[in-house]
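Below is one structure, written out as structure tokens; the observations come after it.
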Amino acid sequence: QVLEQLQPGALGTMLTAQLKTDQGAQKKYAIKQVECIDQHQANVALKEAVDLLKLHHSNICTYKELFVTWNSKVSSLFLCLVMQHSGQGDLSALIEEKRQKSEKITDKVVQKFLGQMVDALFYIHKQNIWHRNLKPSNILVSGEASFMLSDFSTETLMKDGLKWKMRVEEGRESKSWMAPETFGFSFTEKSDIWSLGCVLLDMMSC
């Protein structure tokens, strides 16, 4: 059961859904839907995303399931990524809330955030996995000073020219997290580190 559909972005649409577990309980999940241009792109992106199912880290959103589905209403294929739902929003909302209240994010929270994100990035980079789309809205708040990386992207989808053009044209805010080399479709662990530095700067300038 779909509970909410968030504002679509250049790389897809995020849904909040409630699914019944094997024990009969209701549990919330986030589902990212990414439109694919054809069956080949969908299959390649799905194959690349399979590695996300292997990630087990306290500061990384858990991926539960991946699948490709056909949407007859728009006659298109979609890659769907089912992931953990934090229930407490994301870092962009926290930053915006602090700015509206003219409050600072405490040094303790910033330090914990940085430690958790560096540890999470080190974990994925050791496995040759890059986030590719690191920004405040893709970092979940899971506690008072606890954060999780979320909404990873695949190389195939990030190199989709049309999606990339849309992302670049989304506005100055979206581009401010992007490492210079990513404008040429080049992604490495250094791109993630650059983006993390930009996020950190945003947190400290509330």
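Structural remarks
- In order through the range 39-54: 3J(HN,Hα) via Karplus (6.51 cos²θ - 1.76 cosθ + 1.60), integer Hz, x for Gly, Pro: 4, 4, 4, 4, 5, 5, 5, 5, 4, 5, 6, 4, 4, 5, 5, 8
- Rel. contact order, % - alpha carbon contacts under 8 angstrom, at least six apart, the chain: 20
- Shape of the range 67-114, Cα gyration tensor, a/c cut at 1.5: prolate
- Over the range 91-204, the Kirkwood radius and the radius of gyration, each from Cα atoms, give a ratio Rg/Rh of 0.97.
- Ranking of 152, 187, 122 by count of other Cβ atoms within 10 Å, fewest first: 122, 187, 152
- Cα gyration tensor, the range 2-84 - rounded (a/c under 1.5), prolate or oblate: oblate
- Applying the criteria of a DSSP loop state and at most 10 other Cβ atoms within 10 Å to the trypsin sites (Lys or Arg not before Pro) of the range 14-105 yields 73, 101.
- In this structure, the pairs whose alpha-carbon distance is over 27 Å, taken from 54/135; 54/190; 28/190; 27/108; 32/104, are 28/190; 27/108; 32/104.
- Residue-wise HN-Hα coupling along the range 191-204, computed from phi with Karplus coefficients 6.51, -1.76, 1.60 (Hz; x: Gly, Pro): 5, 5, 5, 4, 4, 4, x, 5, 5, 4, 4, 5, 4, 7
- The charge dipole of the chain, taken about its Cα centre with unit charges on the Cβ atoms of Lys, Arg (+1), Asp and Glu (-1) only, comes to about 140 debye.
- Here is how the number arises for the chain: DSSP H runs of 4 or more residues each give -39500 (n - 2.57), the sum is divided by the residue count, and the result at 222 nm is -10500 deg cm²/dmol.
- Taking 16 Å as the straight-line reach from the Cα of residue 98, the aspartates and glutamates in range (excluding those fewer than 8 positions away in the same chain) are 90, 107, 144, 202.
- Pairs of Cα atoms farther than 32 Å apart, the chain, %: 14
- Relative contact order computed over the range 91-204 (Cα-Cα under 8 Å; 6+ residues apart), in percent: 31
No lab work stands behind these numbers, since they all come straight from the coordinates. Keep in mind the model is a prediction, meaning the values are calculated, not measured. We place every Cβ from the backbone using ideal geometry, glycine too, and count neighbours over all the protein chains shown.
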